[in-house]
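Asks: Sending over a structure as structure tokens; questions will come in a sec.
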Amino acid sequence: MNSKYSRQELFAPIGVEGQKRLREASVFVLGAGALGSSGAEMLVRAGIGRLTIVDRDIIEWTNLHRQQLYTEQDVVDQLPKAVAAEKRLRSINKDVQITGIVTDVTPENVLDLFAGHDLIVDATDNIETRLLANDAALTLGLPFFMGACVGSYGLTFPIGVQSGQPCLHCLLDTLPAQHMTCDTVGVISPVVVTTAARQIAGVLKYLTGTKIEPKLESVDVWTEERASIQVAGFKKSDCPSCSEHASYPFLTANLSIRSAVLCGRDTIQLTWPANRKVELSPFAESIRKSVSNLNHNPYLVACEYNGHRIVLFRDGRMLIHGTKNIVTAKKIAAELLG
Ligand SMILES: [Zn+2]
């Protein structure tokens with residue numbers, strides 16, 4: 001009884017049989033920020049079979065106090081989170097098949113990304129992506145373990161674990177703290193770990209065959225307030241995402257260049273469609289004389305341009321920091337790309 005998972009197998013509700021089930025499981029972690037770091041590490045140490053972790057961002061100094069998979073060197077190297085996460089997770093448990101993917105999850109790619117997994121762990125930082133994932137998980141019939149935290153407050157809600165339960169779209173009007181972000185009101189690491197722990201306890205219960213109550217649970221680790229809400233009554237019979245005649249509105253694809261204001265971050269993201277991707281090396285060469293602090297690695301090109309920090313990712317996304325104005329961002333992109 002000294003194997004890697006012996007103390008987990010001694011825990012009666014999991015046991016040797018439950019451990020075998022974990023070994024056969026395939027989990028998708030949506031986001032490699034704070035919740036994604038904590039949740040993915042727990043799953044990998046628990047010995048699940050396969051883990052995919054997806055994130056669109058690079059590691060920054062402001063992430064390190066709560067995103068436990070990353071180091072100061074990762075910031076210096078300007079590594080994408082999904083790349084650094086994959087490397088660190090592999091070093092923790094070589095038995096798990098781990099794939100890190102650097103991309104933005106969009107209506108165009110979400111179904112392909114989710115397919116082949118047993119469930120989705122929500123570790124994204126915005127409601128738009130969460131609603132897209134809710135629609136995609138419902139389309140594929142996959143459970144979606146929602147989790148969110150800001151300040152000292154965390155929220156969890158398992159979706160698709162009981163027939164007839166409400167989905168995230170049903171609860172949209174009743175969810176608290178929707179317009180606060182980690183970039184406007186901050187966040188502390190204890191609430192990240194607490195929220196991730198609740199999510200992953202739910203995942204382990206689901207995968208090992210223990211019944212889960214679809215409750216909306218909240219905790220504030222600073223004020224020590226807690227709530228556990230039975231949400232069955234919130235189910236909407238005409239919900240566009242989970243009713244009998246669902247249209248999955250957040251899955252509607254858009255094939256033009258899309259722009260998004262990254263809430264609370266003073267940043268615009270422009271995304272080129274798959275058939276119009278910008279190649280990194282030619283782009284880096286073409287801007288070399290017009291920009292400063294140019295950094296080019298296999299995953300991205302980063303630079304400073306007219307007081308803005310610009311990052312172009314291999315998957316066709318450009319982040320323009322220092323503006324909330326989409327027109328300004330498109331003008332800058334046009335100036336650099338023609
Ligand atoms: Zn619904």
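Asks: For segment 241-267, enumerate the residues that are within 16 Å of the ligand (Cβ to nearest atom) and either hydrophobic (A, V, I, L, M, F, W, C) or exposed (fewer than 15 other Cβ atoms within 10 Å of the Cβ) (or both). Steps first, please.
Replies: So in segment 241-267, the residues within 16 Å of the ligand (Cβ to nearest atom) come out as 241-251.
Within segment 241-267, 242, 244, 245, 246, 247, 249, 250, 251 meet the criteria.
Asks: Could you give me the residue pairs with C-beta distances under 9 Å whose first residue belongs to segment 275-302 and is closer than 21 Å to residue 57 by Cβ, whose second residue is among the hydroxyl-bearing types (Ser, Thr, Tyr) and assigned to a loop (DSSP other than H, G, I, E, B) wherever it lies, and which are 6+ apart or on separate chains?
Replies: Once the first residue is closer than 21 Å to residue 57 by Cβ and sits in segment 275-302, its partners that are among the hydroxyl-bearing types (Ser, Thr, Tyr) and assigned to a loop (DSSP other than H, G, I, E, B) give 280/299.
Asks: Within segment 316-334, track down each residue that is closer than 21 Å to residue 279 by Cα and touching a residue at least 40 places away in the same chain (Cβ under 8 Å).
Replies: Taking segment 316-334 first, the residues closer than 21 Å to residue 279 by Cα are 316-321, 329-334.
Within segment 316-334, 316, 317, 318, 319, 320, 321, 329, 330, 333 qualify.
Asks: If we scan segment 145-164, do we find a residue that is in a loop (DSSP other than H, G, I, E, B), surrounded by 20 or more Cβ atoms within 10 Å (Cβ to Cβ) and within 13 Å of the ligand (Cβ to nearest atom)? Before the answer, list the steps.
Replies: Step one: of segment 145-164, the residues in a loop (DSSP other than H, G, I, E, B) are 152, 160-164.
Subset that is surrounded by 20 or more Cβ atoms within 10 Å (Cβ to Cβ): 160.
Remaining after also requiring within 13 Å of the ligand (Cβ to nearest atom): 160.
Yes, segment 145-164 contains at least one residue that is in a loop (DSSP other than H, G, I, E, B), surrounded by 20 or more Cβ atoms within 10 Å (Cβ to Cβ) and within 13 Å of the ligand (Cβ to nearest atom).
Asks: Looking at (1) farther than 14 Å from residue 333 by Cβ; (2) surrounded by 12 or more Cβ atoms within 10 Å (Cβ to Cβ); (3) not assigned by TED's automatic domain parsing to the domain that holds residue 19, find the lone condition where residue 281 falls short.
Replies: Exception for residue 281: condition (2).
Asks: Are any of the residues in segment 143-162 out of contact with any strand residue (DSSP E or B) (no Cβ under 8 Å at 6 or more places or on another chain), of a type outside the set (A, V, I, L, M) and farther than 14 Å from residue 27 by Cα?
Replies: Start the filter on segment 143-162 by keeping residues that are out of contact with any strand residue (DSSP E or B) (no Cβ under 8 Å at 6 or more places or on another chain), which leaves 161-162.
Subsequent filtering for residues that are of a type outside the set (A, V, I, L, M) retains 162.
Then keep just the ones that are farther than 14 Å from residue 27 by Cα; that gives 162.
Among the residues of segment 143-162, at least one is out of contact with any strand residue (DSSP E or B) (no Cβ under 8 Å at 6 or more places or on another chain), of a type outside the set (A, V, I, L, M) and farther than 14 Å from residue 27 by Cα, which makes the answer yes.
Asks: Turning to a different aspect of this structure: Does residue 236 satisfy being within 16 Å of the ligand (Cβ to nearest atom) and of a type in the set (Lys, Arg)? Show your work before the answer.
Replies: Working: within 16 Å of the ligand (Cβ to nearest atom): yes; of a type in the set (Lys, Arg): yes.
In short, yes.
Asks: (1) part of a helix (DSSP H, G or I); (2) among the β-branched types (Val, Ile, Thr); (3) over 16 Å from residue 196 (Cβ atoms): which one isn't true of residue 44, the others all being true?
Replies: The one condition residue 44 does not meet is (3).
Asks: Residue 303 versus (1) within 16 Å of the ligand (Cβ to nearest atom); (2) on the phi < 0 side of the Ramachandran plot: which is the lone unmet condition?
Replies: Evaluating residue 303 over (1) within 16 Å of the ligand (Cβ to nearest atom); (2) on the phi < 0 side of the Ramachandran plot leaves (1) as the failure.
Asks: Could you list, ordered by first residue, the pairs with Cβ atoms under 6 Å in which the first is in segment 208-229 and farther than 15 Å from residue 144 by Cα and the second is of a type in the set (A, V, I, L, M) and not in a strand (DSSP E or B), at least 6 apart or interchain?
Replies: Within 6 Å, the pairs are 208/14; 221/191.
Asks: If a residue must be among the small types (Gly, Ala, Ser), surrounded by fewer than 21 Cβ atoms within 10 Å (Cβ to Cβ) and either touching a Cys at 6+ places or on another chain (Cβ under 8 Å) or more than 19 Å from residue 37 (Cβ to Cβ) (or both), how many such residues does segment 91-143 contain?
Replies: Going residue by residue through segment 91-143, those that are among the small types (Gly, Ala, Ser) are 91, 100, 115-116, 123, 133, 136-137, 141.
Cutting the leftovers down to surrounded by fewer than 21 Cβ atoms within 10 Å (Cβ to Cβ) gives us 91, 115-116, 141.
Next, only the ones that are either touching a Cys at 6+ places or on another chain (Cβ under 8 Å) or more than 19 Å from residue 37 (Cβ to Cβ) (or both) stay: 115-116, 141.
Number of matching residues: 3.
Asks: With the checklist (1) farther than 29 Å from residue 107 by Cβ; (2) outside any loop (DSSP other than H, G, I, E, B) in hand, flag the one item residue 210 doesn't pass.
Replies: Single failed check for residue 210: (2).
The values are calculated or read from the model by the stated rules, or taken from the named source; none is laboratory data. Fair warning: this is a prediction, and the values are worked out from it, not measured in the lab. Using ideal geometry, Cβ is built from the backbone for each residue, glycine included, and neighbour counts are taken over all protein chains shown.
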